[in-house]
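The values are calculated or read from the model by the stated rules, or taken from the named source; none is laboratory data. Remember, it's a predicted structure, so these values are computed and weren't measured experimentally. Heads up, the Cβs are rebuilt from the backbone with ideal geometry, glycines too, and the neighbour counts pull from every protein chain shown. Side chains are part of the model used for accessible areas, which takes the heavy atoms of the whole protein and leaves out ligands, DNA and RNA. Shrake-Rupley method; radii C 1.70, N 1.55, O 1.52, S 1.80 Å.
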There are 4 protein chains.
Amino acid sequence: MLEQLKDEVYKANLDLVKHGLVIFTWGNASAIDREKGLFVIKPSGVDYEMMKASDMVVCDMDGNVVEGSLKPSSDMPTHLHLYQNFKEIGGVIHTHSTNATAWAQAGVGIPNIGTTHADYFANEIPCTRQMNEDEIFGAYEKDTGKVIVECFDGKNPNEIPGVLVHNHGPFSWGKDVHDAVHNAVVMEQVAKMAFISFAVNPDLQMNPHLIKKHYERKHGKNAYYGQ
Amino acid sequence: MLEQLKDEVYKANLDLVKHGLVIFTWGNASAIDREKGLFVIKPSGVDYEMMKASDMVVCDMDGNVVEGSLKPSSDMPTHLHLYQNFKEIGGVIHTHSTNATAWAQAGVGIPNIGTTHADYFANEIPCTRQMNEDEIFGAYEKDTGKVIVECFDGKNPNEIPGVLVHNHGPFSWGKDVHDAVHNAVVMEQVAKMAFISFAVNPDLQMNPHLIKKHYERKHGKNAYYGQ
Amino acid sequence: MLEQLKDEVYKANLDLVKHGLVIFTWGNASAIDREKGLFVIKPSGVDYEMMKASDMVVCDMDGNVVEGSLKPSSDMPTHLHLYQNFKEIGGVIHTHSTNATAWAQAGVGIPNIGTTHADYFANEIPCTRQMNEDEIFGAYEKDTGKVIVECFDGKNPNEIPGVLVHNHGPFSWGKDVHDAVHNAVVMEQVAKMAFISFAVNPDLQMNPHLIKKHYERKHGKNAYYGQ
Amino acid sequence: MLEQLKDEVYKANLDLVKHGLVIFTWGNASAIDREKGLFVIKPSGVDYEMMKASDMVVCDMDGNVVEGSLKPSSDMPTHLHLYQNFKEIGGVIHTHSTNATAWAQAGVGIPNIGTTHADYFANEIPCTRQMNEDEIFGAYEKDTGKVIVECFDGKNPNEIPGVLVHNHGPFSWGKDVHDAVHNAVVMEQVAKMAFISFAVNPDLQMNPHLIKKHYERKHGKNAYYGQ
């Protein structure tokens, strides 16, 4: 079932490697079929070189495995919680990409300080609060999803398609899994550039008009960027 | 028309990828035929892997598309304004290359602190002022060109073939588009090295005689560098 | 003798190059056969491109060469001392990988500030004390092993499978040499990310519960990460 | 004439590219035949992709071209001055490699803070004084050689096979041109690591005994490192 979606998720996982975001098995991709109420996710701990599209695991909206002989990624409950709460997203990515993870470890959001950032994220990429002991030793992966959703209280996940989980690393999403990969690449790049920018000038100032303009040039009703 | 120039612009776009200056479609190259009063520019938002030389778009000096079935790069009015005001340049490049963009985000010019820089840029690579609300929500791309030209008041664009647009990224130019690519590569490299140099020694001092010497060794009337 | 182990050690040496941890001949791998009381180690100063599995050198637990026409790596006595004192390890790696070596030069351990680190190392990756004159001009390589073992007084080498030797570089180990390579890659990556994290936020705080959780999710009795 | 030496110099130039030390034509290699009193150097400004071994230029000890249809590298007088004053060196390399150039721009020597450095350089890699106006606008390239030699007053160039020219970049040398390339790679790597080490711990302390030990382990009378 969902053979095409499995293929998309499989390719998204390989794209993470191609873009240099993943070492070993440190990443996972998923995509949802909203009509069927099922999502497809990478299996846990399988080498990318060995992995086949048919290894992808199909889960339902209660987190049960519906098809697949391998265990789903241990981060599956986080993906599920995001699909349940961010109603318009079609794909989710988690990586430990170098610079985005470094910002997550630093425990601060990536400020929107340039048009590269503003082209894809309408504001700062936020960093969640630290999780507490109960969350960590309870339903950890599900609660990771909960702190992400809590962090987006008052924010639009469609306009800020990514987050840093405190002391952990980045999650991103998009209208489909291909778009989610794209946003994961952008997060890593803006994290890298922001590190250098603040080293060069700790007192730098972003132009707020530029954020609005660039985001709307690509994403607003009157978007005119691209074909 | 202008098949050879299209080919040059097409190859320049691919060279940006080859030199690691461009992720996804974040860059564009153009070249002008001064006699015909026409310039050739990359189409907007087309994947580099799909792109063909025949996809390049021909525009006139009013910014009208003269040939080509695709939309020109949305930065076309910036390129046009540079051709109109910097009378001797033959090619223009825009990228979001990592280190040059990081300096643009920092909002400060790249100081001329070494012979690598001085071999190509007779002085600091300046950073424009921030654009105001009217410019950003008015003729944004054309006004980007205007703040660049304003920034070069009293400076010679032939001797400083590049600029950082505040909170945005680098533009470079040259006698032709190949030369403009070359200068884009140099900007990225001197931006990278300057970041490290100032981290190592915030009080570093450039030798002003060395700037003059190295620039003139390659570019002055008595140049003797190269064949 | 030990042809399979030689092959594993040979491949581990090549993996160090593949993962970008080694320049020239700056690294070495070994693996032990605990039953036979013999270990296999890379020969000294041989180019990786020339090296064959049959060049690997077999040594006994007194450090004598039992088989092989080439000299063992000059770091052999360090490897031997680790095998003698860390009873459960099966492989040892030494590299001068960029970021881990930079932390070793800085003389400080790599703090456990994220889940990437906590997935593999239950705590800080410690840095040894500086060696004294007698140790350095005496049995230097053996005493390098001694300061590592001294540094692990009160620590469990199975839970912290790596160390920084002060002003020198990283050693890592694992249940076999493949696992030791894996840990060497992780050390380099967490060293790189920690450098950026502290640059972004010198006052960052790790969540201690997260360390426990992530380490135990992969390594504890109730591990559920991976297939 | 000197066909074998031309081939060595040609290959050394390509090795600089392979090791990532050279962008465009920003580097040059030379080697000397002390018996014949002739040295072979890369031609000026020729693309590495086009270059052939037969393009190498042969010069005598007065700096005259003895064979070759192309102009020698404009840095030829620097190479010549080093051969005249450092009597035991057989090859010279100049690059603008990223991190070594960044330290040269910073105007400070690279401190010997680790065994990677100490394995090849018996002490700090020094940075020359700034050149004065007369030197820069007089016999600039020859005087570049002079400030290097002046900088080595009281130092042994065989034990410190490299230098940073202030605001410019690194020169290295060795017993032959292959060895000089090796030292250029080491300089770049120790420059990169030292940048990170000081960022991590500005108050780091090197162990002086370790410098002596590691240098002598590879280079002293009783060297025992390597085959």
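With Cα atoms as the point set, the radius of gyration and Dmax of segment B:88-209 evaluate to 14.0, 44 Å. Neighbours of D:Phe86 by Cβ distance under 14 Å: Lys/Arg scored +1, Asp/Glu scored -1, total -1. Structure remark: mean-square fluctuation, Gaussian network model of chain A, C-alpha springs under 10 Å; the largest value among A:Pro43, A:Pro208, A:Pro77 belongs to A:Pro208.
Based on C-alpha pairs under 8 angstrom that are at least 6 apart in sequence, segment B:3-219 has a relative contact order of 23 percent. The DSSP beta bridges internal to segment D:90-200 are antiparallel in roughly 90% of cases. Shielding value for D:209-216 is 4, the average number of Cβ atoms from other chains within 10 Å of each residue's Cβ. Counting protein heavy atoms only, the protein assembly as shown has 48 percent of its accessible area on carbon and sulfur, 1.4 angstrom probe.
Heavy-atom accessible area for D:Leu14, with the other protein chains in place and a 1.4 Å probe, reaches approximately 60 Å².
About its Cα centre, segment A:1-134 has a charge dipole of approximately 160 debye under the convention of +1 per Lys or Arg Cβ and -1 per Asp or Glu Cβ, with nothing else charged. When the Cα positions of C:Phe195, C:Ala184, C:Ser54 are compared along the charge dipole of segment C:3-219, C:Phe195 comes out farthest toward the positive end, with charges on each C-beta of Lys, Arg, Asp and Glu. Axis angle, to the nearest 10 degrees, between helix D:140-151 and the longest C-alpha principal axis of chain D: 30 degrees. Looking at A:Tyr10, A:Ala31, A:Phe152, which one has the Cα that reaches farthest to the positive end of the dipole of chain A (charges on Cβ: Lys, Arg +1; Asp, Glu -1)? The one lying farthest along the dipole's positive direction is A:Phe152. In the structure shown, the pairs C:Lys6/D:Lys192; D:Lys36/D:Lys175; C:Lys87/C:Lys155; B:Lys221/D:Lys71; D:Lys87/D:Lys142 are assessed against 23 Å; a Cα-Cα span above that value is assigned to C:Lys6/D:Lys192. Sorted from shortest to longest, the distances between the B:Phe24 label points of this copy and the other copies are 3.0, 3.0, 4.2 nm, with each point 7 Å from Cα along the line through the beta carbon.
Loop-located GluC sites (Glu not before Pro) across segment D:66-161 with a Cβ neighbour count of 13 or fewer within 10 Å are D:Glu88, D:Glu159, with loop assigned by DSSP.
For segment D:3-219, the square roots of the Cα gyration tensor eigenvalues, ordered a ≥ b ≥ c, give a/c of at least 1.5 with a/b greater than b/c, which places it in the prolate category.
Taking the label point 7 Å along Cα→Cβ, C:Asn132 and its counterparts in the other copies are spaced 5.1, 5.1, 7.2 nm apart, in ascending order.
Which net charge results for the neighbourhood of D:Tyr10, defined as the other residues with beta-carbon distances under 11 angstrom from its beta-carbon, given Lys and Arg at +1 and Asp and Glu at -1?
For residues surrounding D:Tyr10, the net value is -1.
Ordering B:Met50, D:Met56 by accessible surface, largest first, gives B:Met50, D:Met56; the 1.4 Å probe counts only protein heavy atoms, with every chain in place. Normalise the Debye intensity by I(0) for segment B:156-227, one equal point scatterer per Cα, no solvent, then take log10 at q = 0.12, 0.21, 0.27 Å⁻¹ and round to two decimals. For segment B:156-227, the Cα-only Debye profile gives -0.42, -1.16, -1.28. Counts of other chain beta carbons within 10 angstrom of each beta carbon in peptide D:95-104 average 5.
Are there any residues in segment D:110-143 with a reduction of at least 50 Å² in accessible surface when going from the isolated chain to the assembly of protein chains? Probe 1.4 Å, please list them by number. Residues passing the criterion (a loss of at least 50 Å², heavy atoms only) are D:Thr116, D:Ile136, D:Phe137, D:Tyr140. Highest mobility in the GNM of chain A, judged by mean-square fluctuation with C-alpha springs under 10 Å and restricted to A:Asn99, A:Asn158, A:Asn201, is found for A:Asn201. Against chain A, whose longest principal axis comes from its Cα atoms, helix A:177-200 is set at around 40 degrees. Annotation: the antiparallel percentage among DSSP beta bridges lying fully within segment C:3-219 is about 95. Available extension along the chain between D:Lys142 and D:Asp7 is 46.0 nm, counting 0.36 nm per residue and deducting the alpha carbon span. Evaluated with a Cβ-only charge set (Lys, Arg +1; Asp, Glu -1), chain A carries a dipole of roughly 680 debye about its Cα centre, given to the nearest 20. Averaged per residue, the protein assembly as shown has 38 square angstrom of accessible surface, using a 1.4 angstrom probe with ligands and nucleic acids left out. Just checking the listed ones, A:Trp173, A:Trp26, A:Trp103: in the Gaussian network model of chain A with Cα springs under 10 Å, the one fluctuating most is A:Trp26.
Rounded, prolate or oblate for the protein assembly as shown? Axes are the square roots of the Cα gyration tensor eigenvalues, ordered a ≥ b ≥ c, and the cut-off for rounded is a/c under 1.5. Since a/c reaches 1.5 but b/c is at least a/b, the shape of the protein assembly as shown is classed as oblate. In nanometers and ordered shortest first, the copy-to-copy spacing of the B:Tyr48 label point, defined 7 Å from Cα toward Cβ, is 1.9, 1.9, 2.6. With respect to the axis relating copies C and B by rotation, the chain C residue whose beta carbon is closest, plus that distance in Å, is C:Ala199, 4. Helix C:76-85 and the long axis of chain C differ in direction by around 60°, with both axes built from C-alpha atoms. By the rule of a C-alpha distance below 12 Å, with chain neighbours fewer than 8 residues away ignored, the aspartates and glutamates paired with C:Lys218 are C:Asp119, C:Glu159. A Cβ-based charge dipole, computed about the Cα centre of segment C:106-195 with Lys and Arg at +1 and Asp and Glu at -1, lands at about 200 debye.
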